[in-house]
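A.B. asks: My structure is below; once you've seen it, I'll send some questions.
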Amino acid sequence: MRKLFFYFLSGFMLIAYSSCNQNNSSSDDGISSFTKDGLAQHIKMLSSDSFQGRKPFSPGEIKTLDYIQTAFKNMGLEPGNGNSYLQDVPMVEITPNADAVMKVQSAKGNFELKKMTDFVISTENTDSLISLNNDELIFAGYGVVAPEYNWNDYAGIDVKGKVVLVLVNDPGFGVDTTIFKGNTMTYYGRWTYKYEEAARQGAKACLIIHDTKAASYPFSVVQNSWGSSNLHLNKQGNKEPHLALQGWVSADAAKKLFTAAGKDTSLIVSANKNTFKAISFGEKISLNVKVKANYNTSHNVIAKITGSKRPDEFVIYTAHWDHLGIGKPDDKGDSIYNGAIDNASGAAALLEIAKAFKNLKHKPERTVIFLSVTAEEQGLLGSAYYAQHPIYPLTKTVADINMDGINPAEKTNDVVITGAGQNDLEDYIAAIAKSQGRYLAPEAHPEAGHYYRSDHFSLAKVGVPALDCSGGIDVVGKGKEYGKKLEDDYTANRYHRPADQFDAKWTFEGGLQDMQMLFLIGKKLANETSWPKWKAGSEFKAIREKDKSVME
Ligand SMILES: [Zn+2]
């Protein structure tokens with residue numbers, strides 16, 4: 001899901017670089033195993049039109065699974081799930097069909113909010129009809145319960161069976177940078193957290209107020225993502241609390257709800273203080289949603305190299321294989337979302353890193369797992385399923401290194417860690433980057449919460465130290481302005497569009513540099529005996545340390 005930066009490069013640069021792609025390292029360091037052709041071949045195939053955009057359950061899934069499994073087999077990797085290279089991921093496709101309007105009763109009169117224009121609704125519930133019937137609306141500020149920040153938006157109010165209205169991002173966003181992590185979004189700021197917390201509080205439904213800055217994307221993204229059917233993990237039999245309905249309201253619709261309750265923006269400002277108290281708006285909400293549910297099974301692909309000395313300790317590499325499939329045609333009439341960068345490139349890099357490990361003269365001492373997950377684009381589902389149904393004990397899993405988008409263009413002087421400040425893996429990367437003559441640069445948009453937006457997060461959420469990092473925008477010999485242009489071009493013209501397709505002009509010099517870095521960190525982790533930790537202030541530290549069986 002995360003955006004990656006670089007795109008094209010002239011043929012001239014390609015020639016200039018290919019001549020300096022030599023290195024004088026010894027044969028067993030694994031580094032010489034990485035080649036442009038090896039990587040490019042995999043990306044070209046996985047992103048070809050015949051793979052139809054690699055959507056789960058499509059013929060593209062079958063082709064993709066077959067390709068990745070065959071590659072693992074041919075390399076001589078062991079199957080990662082007993083005798084199989086596959087892990088079943090039971091999912092359900094849920095299509096909610098809401099009434100055209102949401103009815104709101106208030107003391108100042110009744111009014112309606114329009115579906116799509118004013119609100120979008122979704123559900124993880126498979127009941128055929130879900131209704132809100134004059135259910136009370138509560139404004140719960142940011143909807144956050146964070147003991148470590150002395151924060152509880154639900155203190156002193158009972159929201160059981162009610163509809164909760166909350167703000168997106170962290171308390172203090174854009175108002176007070178001294179609370180939470182300032183401009184860096186914590187997990188408390190993500191929409192997924194808002195729904196999870198509202199469910200824990202017993203709410204019936206949760207509506208998030210959209211704000212382009214705070215969400216880091218426009219309302220149209222919400223409309224496109226939640227407007228129709230969505231895949232979810234099949235939670236039948238799961239006892240965890242869940243909402244009947246979840247959704248978003250536009251900023252304009254929120255204004256109507258505030259005004260009818262006699263409130264204005266001063267209430268939103270007050271939500272940025274820990275003295276804030278959730279309040280009832282005195283409004284009643286009604287809405288019917290018909291639900292269609294289709295059950296199906298997708299798959300993660302998993303292979304391993306058993307460790308020579310500590311086979312019961314694990315280092316995981318993750319990269320999602322799925323993309324968006326066939327969808328709305330672009331203005332050239334192309335409807336196949338090839339996902340070459342997102343994430344054929346990461347899946348290809350996973351294969352190349354596996355090959356580098358396999359080619360080592362001395363086997364890694366810990367077991368190294370290569371996990372290509374499904375349905376990242378639908379909400380990190382394949383990785384979430386692995387985290388909830390781990391094949392190898394999480395307490396014996398040292399780290400996860402994730403790849404979502406590999407730089408197809410030039411080398412960079414900088415390395416950017418997604419969501420910096422989380423765990424010790426960042427210090428490993430700092431040292432490796434330095435050995436490559438590179439430096440660590442801050443994330444361009446820490447407020448966007450990218451740490452919570454790809455598969456490493458699924459492992460982080462269950463306590464496994466997880467890392468996502470890649471080259472930045474400081475392109476060698478060309479500088480940051482040039483790099484920024486490439487990044488902006490990718491974001492505007494290719495990211496999640498049919499135009500994210502293979503380009504023969506790509507040199508992958510930067511991608512190879514990043515893959516070597518990610519291989520080296522995995523190799524170090526696989527051959528050492530220490531256990532990287534979460535840093536103080538990380539939301540995931542307590543989860544890891546709660547489990548006393550994690551080795552020190
Ligand atoms: Zn992705």
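The values are calculated or read from the model by the stated rules, or taken from the named source; none is laboratory data. Just so it is clear, the model here is predicted, and its values are computed rather than measured. Cβ sites come from the backbone with ideal geometry, for glycine too, and all protein chains shown count toward neighbours.
A.B. asks: May I ask you to list the residues in segment 339-368 that are more than 13 Å from the ligand (Cβ to nearest atom) and outside any helix (DSSP H, G or I)?
C.D. replies: Leu360, Lys361, His362, Lys363, Pro364, Glu365, Arg366, Thr367, Val368
A.B. asks: Another question, if that's okay. Scan segment 135-159 residue by residue and report those that are buried (at least 20 other Cβ atoms within 10 Å of the Cβ) and among the acidic types (Asp, Glu).
C.D. replies: Asp135, Asp153 - these are the residues of segment 135-159 that are buried (at least 20 other Cβ atoms within 10 Å of the Cβ) and among the acidic types (Asp, Glu).
A.B. asks: Identify, from the list Gly174, Gly182, Gly189, the residue that is at pLDDT below 90, in contact with a Gly (Cβ under 9 Å, 6 or more places away or on another chain) and either closer than 26 Å to Ser250 by Cβ or surrounded by fewer than 24 Cβ atoms within 10 Å (Cβ to Cβ) (or both).
C.D. replies: Gly182
A.B. asks: Examine segment 326-338 for a residue that is surrounded by fewer than 18 Cβ atoms within 10 Å (Cβ to Cβ), over 29 Å from Ser308 (Cα atoms), in contact (Cβ under 8 Å) with a residue 12 or more places away in the chain and within 16 Å of the ligand (Cβ to nearest atom), and state whether such a residue exists.
C.D. replies: Yes: segment 326-338 contains one or more residues that are surrounded by fewer than 18 Cβ atoms within 10 Å (Cβ to Cβ), over 29 Å from Ser308 (Cα atoms), in contact (Cβ under 8 Å) with a residue 12 or more places away in the chain and within 16 Å of the ligand (Cβ to nearest atom).
A.B. asks: Suppose the filter is crowded, with 19+ Cβ neighbours inside 10 Å, of a type in the set (Phe, Trp, Tyr) and free of Cβ contacts under 8 Å to residues at least 60 places away in the same chain; does Phe276 pass it?
C.D. replies: When the stated conditions are applied, Phe276 does not pass them.
A.B. asks: Does Lys194 qualify as being crowded, with 19+ Cβ neighbours inside 10 Å, in a helix (DSSP H, G or I), basic (Lys, Arg) and at negative phi?
C.D. replies: yes
A.B. asks: Which of (1) in a strand (DSSP E or B); (2) surrounded by 13 or more Cβ atoms within 10 Å (Cβ to Cβ); (3) not polar (S, T, N, Q) is the odd one out, the single condition Asp312 does not satisfy?
C.D. replies: (2)
A.B. asks: State all residues of segment 237-267 that are in a helix (DSSP H, G or I) and closer than 20 Å to Val168 by Cα; if no residue qualifies, say none.
C.D. replies: Ala251, Asp252, Ala253, Ala254, Lys255, Lys256, Leu257, Phe258, Thr259, Thr265, Ser266, Leu267, listed by residue number.
For (1) modelled with pLDDT of 95 or more; (2) of a type outside the set (Gly, Ala, Ser); (3) touching a helix residue (DSSP H, G or I) at 6+ places or on another chain (Cβ under 7 Å), each residue gets a yes or a no:
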residue: Ser435; (1), (2), (3): yes, no, no
residue: His450; (1), (2), (3): no, yes, no
residue: Ile473; (1), (2), (3): yes, yes, yes
residue: Asp488; (1), (2), (3): no, yes, no
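A.B. asks: Identify the residue in segment 462-485 that is touching a residue at least 24 places away in the same chain (Cβ under 8 Å) and surrounded by fewer than 22 Cβ atoms within 10 Å (Cβ to Cβ) and, among all such residues, is nearest to the ligand (Cβ to nearest atom).
C.D. replies: Val462
A.B. asks: What are the residue pairs meeting all of these: first residue in segment 171-193, first residue within 10 Å of Asn272 (Cα to Cα), second residue hydroxyl-bearing (Ser, Thr, Tyr) and crowded, with 17+ Cβ neighbours inside 10 Å, Cβ atoms under 9 Å, and 6 or more apart or on different chains?
C.D. replies: Going by the 9 Å Cβ cut-off, the qualifying pairs are Pro171/Tyr142; Pro171/Tyr149; Pro171/Tyr188; Gly172/Tyr142; Phe173/Tyr142; Ile179/Tyr149.
A.B. asks: Does segment 149-158 include one or more residues that are under 28 Å from Ser538 (Cα atoms), more than 21 Å from the chain's Cα centre (by Cα) and part of a helix (DSSP H, G or I)?
C.D. replies: There is at least one residue in segment 149-158 that is under 28 Å from Ser538 (Cα atoms), more than 21 Å from the chain's Cα centre (by Cα) and part of a helix (DSSP H, G or I).
A.B. asks: Would you please name the residue that is farthest from Leu233 (Cα to Cα), looking only at residues in segment 373-397 that are at pLDDT 95 or above and touching a His at 6+ places or on another chain (Cβ under 9 Å)?
C.D. replies: Here the residue is Val373.
A.B. asks: Filter segment 369-381 down to residues that are in contact with a helix residue (DSSP H, G or I) (Cβ under 7 Å, 6 or more places away or on another chain) and either within 16 Å of the ligand (Cβ to nearest atom) or in a loop (DSSP other than H, G, I, E, B) (or both) and give me whichever is nearest to His42 (Cα to Cα).
C.D. replies: Filtering first and then ranking leaves Ser372.
A.B. asks: Something else about it: Give the residue, chosen from Ile417, Ile391, Ile406, that is away from the ligand (no atom under 15 Å from the Cβ) and closer than 21 Å to His445 by Cα.
C.D. replies: On inspection, the qualifying residue turns out to be Ile417.
A.B. asks: Determine whether Ala384 is of a type in the set (A, V, I, L, M, F, W, C), outside any loop (DSSP other than H, G, I, E, B) and either within 12 Å of the ligand (Cβ to nearest atom) or under 16 Å from Gln52 (Cβ atoms) (or both).
C.D. replies: Spelling it out, it is not the case that Ala384 is of a type in the set (A, V, I, L, M, F, W, C), outside any loop (DSSP other than H, G, I, E, B) and either within 12 Å of the ligand (Cβ to nearest atom) or under 16 Å from Gln52 (Cβ atoms) (or both).
A.B. asks: Let me ask you something else. How many residues does segment 480-533 contain that are among the charged types (D, E, K, R) and part of a helix (DSSP H, G or I)?
C.D. replies: 11
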